[in-house]
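The values are calculated or read from the model by the stated rules, or taken from the named source; none is laboratory data. None of these values were measured; they are calculated from a predicted model. Heads up, the Cβs are rebuilt from the backbone with ideal geometry, glycines too, and the neighbour counts pull from every protein chain shown. Just so you know, the surface numbers come from the protein's heavy atoms only, side chains and all, with ligands and any DNA or RNA stripped out. Shrake-Rupley method; radii C 1.70, N 1.55, O 1.52, S 1.80 Å.
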Amino acid sequence: MDRPNKPSAISPSGTGPQPSVHSEQGRVIASLPTGDSVEVLLYGATVTSWKANGRENIWVSDAAKLDGSKPVRGGVPIVFPCFGPPPKNHATSALPQHGFARNSTWVYLGKSSSESGKLASGGDDSVKLDFGLTSSELSEDAKKAWGYDFSLVYSVTLARDGLQTMLNVQNKGEKALEFQMLLHTYFRIDDISKVAINGLGSATYIDKVLNATEHQQSTPSLQITGEVDRVYSAIKQDTTSITQDGKPRLDVTRDGISDSVVWNPWIEKAKSMGDFEPKDGYKKMVCVEVGAVAGWTKLEAGETFEGGMIVKSHA
């Protein structure tokens with residue numbers, strides 16, 4: 001896929017001490033010689049932890065269900081093939097909110113790495129984990145609700161100070177399909193009152209808090225001072241950054257997609273969610289989610305789509 005301004009991919013590497021990868025209790029855990037690590041739950045292929053420089057970058061609710069009984073509250077749930085409640089009279093209309101990817105059990109396809117450079121200590125500095133989900137692995141209910149033949153491959157690359165997550169969608173059937181996708185990332189921050197989100201200035205967004213009305217952001221930075229649920233579309237700038245106390249905290253770069261959602265439930269919404277704990281946890285998290293959700297992406301028979309993000313963590 002030829003994309004203008006495509007960000008450089010994080011390339012796995014491989015000399016010196018190797019990354020450690022192991023599976024246990026329905027999850028895959030990878031760590032680098034630096035101590036950076038990522039943890040992926042096979043249920044939903046949900047990233048539940050990403051540590052860089054000794055700091056956890058992903059927020060997960062204390063009451064999150066990690067046993068496969070419901071989608072994880074926190075982490076990086078994969079939204080596919082519909083975002084939010086599916087519209088009536090659409091191919092996804094019989095699906096639950098946010099589709100089935102986040103509450104299906106994915107298959108771990110293995111790890112890969114190749115030489116790309118050494119750390120100062122001479123160690124290996126990245127590893128890629130692949131997870132797969134096909135139509136044959138769906139629950140019977142999901143198959144009935146969305147009867148397309150498809151293949152998803154979700155690649156999670158852990159690198160020094162960085163994490164890349166890419167979703168590859170292939171239409172393996174004989175009829176065209178339409179979908180939306182979103183990586184619903186919950187980032188852990190120290191204090192929401194000291195956070196600013198940059199890179200969305202002049203972008204158009206749908207404000208779900210204000211009855212799904214359309215607005216244009218007039219300020220270069222967004223501060224969170226109440227419930228926020230905004231869907232930004234066709235963002236011209238590839239990177240949305242999170243600063244804390246005016247200092248860089250996380251850079252989120254979209255790859256192959258141009259929409260983002262910014263979400264924080266704030267006080268009342270957090271209280272209303274049974275699996276959101278602690279109830280003041282909204283002070284310690286913010287969702288900056290990349291995706292293709294402003295419309296529908298159409299894939300003809302045999303066609304492939306790929307999109308995701310590269311996140312850089314600043315110490």
key: Any hit, the range 237-254, residues being under 20 Å from Gly307 (Cβ atoms) and open to solvent by 70 Å² or more (accessible area, probe 1.4 Å)   = yes
query = Say we look at the range 54-101 and pick out the residues that are closer than 27 Å to Arg249 by Cα, outside any strand (DSSP E or B) and charged (D, E, K, R); which of these is most open to solvent (accessible area, probe 1.4 Å)?
reply = Asp62
ask   = Out of the residues in the range 102-123 that are of a type in the set (A, V, I, L, M, F, W, C) and either open to solvent by 10 Å² or more (accessible area, probe 1.4 Å) or modelled with pLDDT under 95 (or both), which is farthest from Pro17 (Cα to Cα)?
value = Val107
query = If the Cβ limit is 9 Å and pairs must be 6+ apart or interchain, which residue in the range 292-315 that is outside any strand (DSSP E or B) and acidic (Asp, Glu) pairs with which residue that is modelled with pLDDT of 95 or more and open to solvent by 70 Å² or more (accessible area, probe 1.4 Å)?
reply = Glu300/Lys175
query = Restricting attention to the range 181-205, and to residues there that are in contact with a Phe, Trp or Tyr (Cβ under 6 Å, 6 or more places away or on another chain) and assigned to a strand (DSSP E or B), which single residue is surrounded by the fewest Cβ atoms within 10 Å (Cβ to Cβ)?
reply = Arg188
request  = Quick one: in the range 212-232, of everything that is open to solvent by 40 Å² or more (accessible area, probe 1.4 Å) and among the small types (Gly, Ala, Ser), which residue is nearest to Lys194 (Cα to Cα)?
outcome  = Ser218
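Take the range 262-289 and flag every residue that is in contact with a Gly (Cβ under 7 Å, 6 or more places away or on another chain) and open to solvent by less than 50 Å² (accessible area, probe 1.4 Å).
Ala270
So, in the range 278-291, of the ones that are outside any helix (DSSP H, G or I) and touching a Lys or Arg at 6+ places or on another chain (Cβ under 8 Å), which residue ends up nearest to Ala212 (Cα to Cα)?
Within the range 278-291, the subset outside any helix (DSSP H, G or I) is 278-280, 285-291.
Going one step further and asking which of them are touching a Lys or Arg at 6+ places or on another chain (Cβ under 8 Å), we end up with 279, 285, 290.
Values: Lys279: 26, Met285: 23, Val290: 19 Å.
Applying the filter and picking the extreme gives Val290.
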remark   = Of the residues in the range 290-315 that are farther than 16 Å from Tyr232 by Cα and of a type in the set (Gly, Ala, Ser), the one that is surrounded by the most Cβ atoms within 10 Å (Cβ to Cβ) is Gly307
remark   = Pairs returned, first residue in the range 36-51 that is within 14 Å of Pro19 (Cβ to Cβ), second residue that is open to solvent by 10 Å² or more (accessible area, probe 1.4 Å) and in a loop (DSSP other than H, G, I, E, B), beta-carbon separation under 7 angstrom, 6 or more apart or interchain, are Asp36/Arg160
